[in-house]
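The values are calculated or read from the model by the stated rules, or taken from the named source; none is laboratory data. Every value quoted in this text rests on a predicted model; they were computed, and no experiment measured them. Neighbour counts run over all protein chains shown; Cβ positions are idealised from the backbone, glycine included. Please note that ligands, DNA and RNA were not included when accessible areas were found on the heavy atoms of the full protein model with its side chains. Shrake-Rupley method; radii C 1.70, N 1.55, O 1.52, S 1.80 Å.
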Amino acid sequence: MAETETLDSSPHPPQLSDDNPIGNEDQDMLDADKCAKDSDSDSQSDFDSDSEDDAQQHTQIQALETELLNNPSNYDTHVQYIKALRKQGDIVKLRQAREAMNAIFPLSSEMWQEWTKDEISLSSGLDALPTIEKLFDCGVSDYLSVALWCDYLSFVQEHDQSVRTLSAAGISKARNLFERALVAAGLHVAEGSRIWELYREFEQAIFLTIDETDADSREKQVQRIRNLFHRQLSVPLADLCSTLLTYKAWEAEQGANIDVDSSNLDGLSPQVASSYQKSLDMMNARTHLENQISHKVAPESERLQHFMDYLKFEQSLGDPARIQILYERAITEFPISSELWLDYTHYMDKTLKTSSLVRDIYKRASRNCPWVGELWVRYLLSLERGRASEDELSAVFEKSLQCTFSSFEEYLDIFLTRVDGLRRRLSLLTSGAESSNLDYIIIRETFQRASDYLSPHLKNTESFLRMYRYWARLESTLGKDLVAARGVWERLLKISGSVLEVWQGYIAMESEMGNINDARSLFKRCYSKRFPGTGSEDICNSWIRFEREYGTLDNFDLAVKKVAPRLEELQLFKLQEAKNVSVSVDDGDNSFRKNVREKRKPVSNLIEEQSPAKRHKDKAKNVKITSEDGEGHAKEPVKVNNKKPDVAASKSVRGSKKENKDVASGKPQQYNDQCTAFVSNLNLKATHDDLRRFFSDVGGVVAIRILTDKFTGKSRGLAYVDFSDDKHLAAAVAKNKQTLLGKRVSIAKSDPKGRKKGNAAPGTSLRQGDNADQITESSKSDAKNSAEGSEDGFQPSSHHRASNIQLKGKNTFAMPRAVRPLGWVDKDKPTPKGSDSVEDENPKSNDEFRKMFIKS
């Protein structure tokens with residue numbers, strides 16, 4: 001050993017060779033030492049690997065805990081967390097994780113089986129029995145699982161002392177549990193026979209414990225077992241034939257003369273044979289449907305459709321127990337199918353309605369599909385039908401509001417369902433049918449919560465208005481508080497005051513309650529408001545109809561007096577909108593034509609140019625135009641400066657009335673576009689005298705032009721007021737928003753240069769009223785005026801009417817597109833020989849043509 005230690009401890013052990021052989025004993029010692037070293041090395045490697053795995057598991061668990069802390073509603077994270085803890089073996093955390101998940105989600109049957117097995121392996125003694133039984137009860141209530149029911153039955157038989165010893169109490173407990181299992185899963189076509197077999201085995205075990213001398217007890221137990229066989233044979237189950245053979249064998253043991261190897265019905269009682277044949281036919285009718293839903297490899301949508309087809313088949317036969325079992329089987333396969341849950345609950349509502357079973361199904365549905373608002377609504381109604389307590393109803397309502405729905409309409413539906421239930425219960429309280437501590441304040445608080453939460457999203461919708469209308473009605477009828485009802489409508493007006501239906505609902509409430517003056521006040525508040533579509537006209541007509549039905553003649557006349565101008569204004573506004581639409585269309589067409597014309601012009605820059613001599617001549621000229629008053633008497637000529645005006649200014653001048661005179665002298669006055677105020681929002685009855693008096697404190701008024709409609713001749717509520725200088729104009733603009741004839745007028749400085757220059761919009765008449773100054777010149781007089789001093793003047797169309805128009809521009813602007821202007825010379829065309837005249841490249845003006853004619 002000392003030598004061995006020396007060899008082992010030496011840094012350089014001796015090399016083995018043929019010259020230095022070692023004995024067998026030394027060789028064995030070396031081999032043993034080598035094995036020990038290899039074993040230590042493997043143990044260290046395994047320890048390092050386990051440590052690394054533990055570190056990774058710890059990191060994973062911490063990450064999952066953090067994720068669950070941030071998002072406790074993540075189903076997949078809960079599942080991963082439980083698996084990680086189960087692998088780690090942390091029993092305390094594992095139990096807490098399972099309980100936390102079960103508080104939010106239903107667990108699958110596999111997860112329940114794992115949980116119960118873990119608890120059974122860790123627990124011992126009678127103290128753990130109630131806890132594990134409670135786990136089993138929770139598990140079998142989440143989803144239909146034959147396997148979990150079998151585990152439950154086996155656990156009770158093995159661990160319950162009273163059942164294991166077959167005491168009277170134990171036998172009763174076991175039989176009750178077996179009957180529960182048969183009700184829940186005994187009709188399961190594919191797996192239900194497992195529960196029947198366990199039940200029979202339990203009863204046969206009891207039979208074996210009965211003393212042979214107790215013939216009565218043995219006979220009773222035999223009959224109990226026989227009844228179980230008969231019950232099972234009357235149910236269409238997958239292994240029905242094998243059950244028949246088992247039954248015949250058991251009967252043979254009891255001394256019956258029967259062929260145990262044949263599946264025929266010889267030797268059976270007629271009742272048993274008939275029941276078996278009926279169940280066999282039912283099974284054969286369902287075989288193809290069972291085969292379809294048993295194909296696990298098929299797509300989920302296809303399998304779900306197979307279940308729905310199967311359900312339709314069962315519903316056509318009308319057996320509620322079989323239909324419910326099939327629904328439970330489908331739910332187990334597709335637990336988050338909202339379509340399936342809605343169909344299931346709807347069927348149960350029709351068949352059972354007030355049963356506690358229906359309420360339990362709704363509870364499960366809301367846990368599986370909490371995002372479906374309709375399920376919560378039905379849940380509340382089911383609780384109300386079952387006369388649930390206020391605490392239970394309130395708890396379900398609050399829980400529903402914590403869910404996330406696809407639309408805010410679903411939240412509103414839940415709020416209204418809650419209010420409906422409260423209203424019905426309060427109505428029963430007032431009639432003495434029930435007694436409770438309910439108060440109307442709960443309804444008011446529910447409405448307020450709904451309004452606060454939904455108003456940002458549904459404030460202008462019909463459903464939101466319907467809720468407020470409902471609220472106001474309950475305040476006045478159930479709450480007996482008219483002031484609160486009006487407060488509800490006033491609150492809605494602040495949210496959706498631009499919606500016509502809101503005003504109509506408020507007025508309808510006052511009218512129905514006989515508050516005619518209050519309804520009339522509401523009409524006065526809203527008749528002048530702008531509502532979408534024809535709402536403005538509708539509210540005006542409603543006021544007149546209201547006064548016709550409820551008011552006196554004076555009230556009717558007052559309503560007509562107020563409404564008539566408003567209706568005229570709305571009619572004019574519609575006409576103006578129609579004109580604007582027409583103008584916009586014409587603008588598009590004419591812009592296209594203008595582009596085409598510009599492309600066809602040979603040298604447009606030459607046409608637009610003007611010779612210096614001509615410009616100098618124009619400065620020295622004044623164009624004379626005459627206008628006629630309303631009686632046809634010619635007025636004195638108005639000298640107009642040749643300064644080029646803006647089209648907007650020309651438009652305002654053309655739309656002026658015949659009183660376009662200096663206020664002091666009464667003579668026609670030259671307009672100055674730089675000192676003009678634009679007045680809008682005028683009372684339609686305002687006259688020139690009213691405007692003159694309004695600006696009397698300002699002074700400097702030169703001319704007043706009220707714009708009128710070209711069809712009706714009535715005021716459009718717009719006017720231009722010319723002032724002598726900027727100082728008076730600024731003082732006039734300072735009167736902006738002051739009241740004139742009951743309306744706050746808007747006054748601003750006219751800025752024609754800010755508008756688009758050029759001709760008037762195509763298709764738009766420049767006439768602003770029947771009293772406007774007119775120029776009705778024929779094409780001949782136009783040519784004459786052009787020849788007499790307005791060679792470069794603007795050429796108005798025959799339907800335009802204007803006064804004091806500054807005519808500026810070139811007379812070639814209205815040339816036909818395909819016709820060249822007079823005097824145009826094609827440079828590419830050769831000049832004929834012998835021609836003495838050399839024509840200018842530029843177009844000739846009227847004055848140049850006139851000189852040419854004089855010379856000739």
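The table below lists the values:
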{"item": "Whole-number accessible area per residue in Å² for the range 145-294, which is evaluated in the context of all protein chains at 1.4 Å", "result": "48 Å²"}
{"item": "Accessible area of residue 162 in the full protein assembly, 1.4 Å probe (Å², nearest 10)", "result": "40 Å²"}
{"item": "For the range 444-529, convex hull of alpha carbons as volume per residue, Å³", "result": "80 Å³"}
{"item": "For residue 702, residues with placed amide H under 5 Å, excluding near neighbours", "result": "722, 723, 724"}
{"item": "Hull-based mean projected area of the range 136-183, where the convex hull spans the alpha carbons, in square nanometres", "result": "3.0 nm²"}
{"item": "Carbon and sulfur %, accessible surface of the range 272-317 computed with the full protein complex present, 1.4 Å", "result": "55 percent"}
{"item": "Rough spin-label spacing in nm, given labels placed 7 Å along Cα→Cβ, for residue 297 and residue 491", "result": "6.2 nm"}
{"item": "Descending principal axes extents, the range 89-153, alpha-carbon based, whole Å", "result": "27, 26, 17"}
{"item": "Spin-label model distance (nm) - residue 123 vs residue 724, 7 Å beyond Cα toward Cβ", "result": "10.7 nm"}
{"item": "In the range 404-483, the trypsin sites (Lys or Arg not before Pro) that fall in loop regions by DSSP, at most 12 other Cβ within 10 Å", "result": "480"}
{"item": "Globularity index of the range 337-414, i.e. its alpha-carbon radius of gyration over 2.2 N^0.38 Å", "result": "1.01"}
{"item": "³J(HN,Hα), Karplus 6.51/-1.76/1.60, whole Hz, each residue of the range 705-717, x for Gly, Pro", "result": "10, 8, 7, 10, 6, 6, 8, 9, x, 8, 4, 9, x"}
{"item": "Cut-off 10 Å between beta-carbons: net charge of the residues surrounding residue 116, Lys and Arg +1, Asp and Glu -1", "result": "-4"}
{"item": "Percent RCO, i.e. relative contact order, over the range 205-274, from Cα pairs under 8 Å lying at least 6 residues apart", "result": "19 percent"}
{"item": "Modelled FRET efficiency - R0 41 Å, residue 381 with residue 230, Cβ distances, 0.05 increments", "result": "0.50"}
{"item": "Positive-end residue of 504, 451, 478, charge dipole of the range 418-558 with Cβ unit charges", "result": "451"}
{"item": "Square roots of 5 times each gyration tensor eigenvalue, C-alpha, the range 408-481, largest first, Å", "result": "24, 12, 10"}
{"item": "Cβ-Cβ FRET estimate between residue 201 and residue 55, R0 fixed at 51 Å, reported to 0.05", "result": "0.55"}
{"item": "Size-normalised alpha-carbon gyration radius of the range 317-360, reference 2.2 N^0.38 Å", "result": "1.10"}
{"item": "Out-of-range pairs (alpha-carbon distance over 21 Å; input 574/710; 350/399; 529/574; 524/574)", "result": "350/399; 524/574"}
{"item": "Calculated from backbone phi, Karplus (6.51, -1.76, 1.60) coupling profile of the range 222-232 in Hz, x at Gly/Pro", "result": "4, 5, 5, 5, 4, 4, 4, 4, 4, 4, 5"}
{"item": "Viscosity 0.692 mPa s, temperature 37 °C, Stokes-Einstein D of the range 351-507 from Kirkwood C-alpha radius, µm²/s", "result": "198 µm²/s"}
{"item": "For the range 208-214, 3J(HN,Hα) per residue [Karplus equation, 6.51 cos²θ - 1.76 cosθ + 1.60, θ = phi - 60°, Hz, x = Gly/Pro]", "result": "5, 8, 7, 5, 5, 6, 8"}
{"item": "Contour minus Cα-Cα distance for residue 550 and residue 360 (0.36 nm per residue)", "result": "62.9 nm"}
